[in-house]
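Worksheet for the structure shown next.
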Amino acid sequence: YNEDVSLQSGKASLHLHENHDDAPDIFSESSSLIAEKANVGSHSVEVKVTSISEILEQFERIRLIKIDIEGSEYDIYPALIDFSDRIDNVFMEPHLTVMPNRREDDKAMRLLIEEKCLSKKFNLDWF
């Protein structure tokens with residue numbers, strides 16, 4: 001599916017992996033809504049974007065949610081925290097190694113999760 005998750009619903013450019021054109025089957029992963037991500041190239045496709053809140057609102061209880069959205073996790077984590085009473089476990093892969101410019105966002109995310117006493121619920125080091 002050409003669809004992604006972000007903070008707001010609508011349309012967006014999904015920037016493809018820098019080697020996607022050479023081997024689409026192998027490099028179909030690692031695409032990102034964020035053009036500045038280290039391993040994306042100049043090619044993109046337009047995709048439908050659904051807000052994470054819109055998705056979470058559909059469920060009364062979520063036992064496990066896995067978030068691997070190639071850098072956009074720094075944009076949506078506040079919504080995950082807002083819905084944390086409905087979510088038992090969050091496994092989220094921060095992409096700091098390919099997005100070092102998000103270091104402050106990463107620190108803020110981890111601090112807020114700790115301040116809200118959600119560290120046992122949010123697993124940020126699962127990969």
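A few comments on the model shown:
- Pair list, Cβ under 9 Å, 6 or more apart: the stretch 22-35 residue of a type in the set (Phe, Trp, Tyr), other residue open to solvent by 70 Å² or more (accessible area, probe 1.4 Å): 27/18; 27/21
- Every pair of residues 6+ apart whose Cβ atoms lie under 8 Å, when the first sits in the stretch 89-100 and is farther than 24 Å from residue 61 by Cα while the second is basic (Lys, Arg) and exposed (fewer than 15 other Cβ atoms within 10 Å of the Cβ): 96/103
- Condition met for residue 66 (open to solvent by 90 Å² or more (accessible area, probe 1.4 Å), under 12 Å from the mean Cα position of the chain (by Cα) and not hydrophobic (A, V, I, L, M, F, W, C)): yes
- From the options 125, 105, residue that is within 16 Å of residue 7 (Cβ to Cβ), open to solvent by 50 Å² or more (accessible area, probe 1.4 Å), out of contact with any Pro (no Cβ under 7 Å at 6 or more places or on another chain) and modelled with pLDDT under 95: 105
- Consider the stretch 62-83 and keep the residues that are without any contact (Cβ under 8 Å) to a residue 60 or more places away in the chain and part of a loop (DSSP other than H, G, I, E, B). The one that is nearest to residue 116 (Cα to Cα) is 83.
- Qualifying residue in the stretch 1-8 (condition: touching a residue at least 40 places away in the same chain (Cβ under 8 Å) and exposed (fewer than 12 other Cβ atoms within 10 Å of the Cβ)): yes
- The residue of the stretch 23-52 that is nearest to residue 95 (Cα to Cα), among those that are aliphatic (A, V, I, L, M) and assigned to a strand (DSSP E or B), is 40.
- Selected residue (only one of 11, 107 is without any contact (Cβ under 8 Å) to a residue 40 or more places away in the chain and touching a Lys or Arg at 6+ places or on another chain (Cβ under 8 Å)): 11
- Some residue of the stretch 43-51 being touching a residue at least 24 places away in the same chain (Cβ under 8 Å), closer than 24 Å to residue 100 by Cα and buried (at least 18 other Cβ atoms within 10 Å of the Cβ): no
The values are calculated or read from the model by the stated rules, or taken from the named source; none is laboratory data. Predicted, not measured: the structure shown is a model, and the values here were computed from it. All Cβ positions, glycine included, derive from the backbone under ideal geometry; neighbour counts span all protein chains shown. Note: accessible area is taken over every heavy atom of the protein model, side chains too, but ligands, DNA and RNA are not part of it. Shrake-Rupley method; radii C 1.70, N 1.55, O 1.52, S 1.80 Å.
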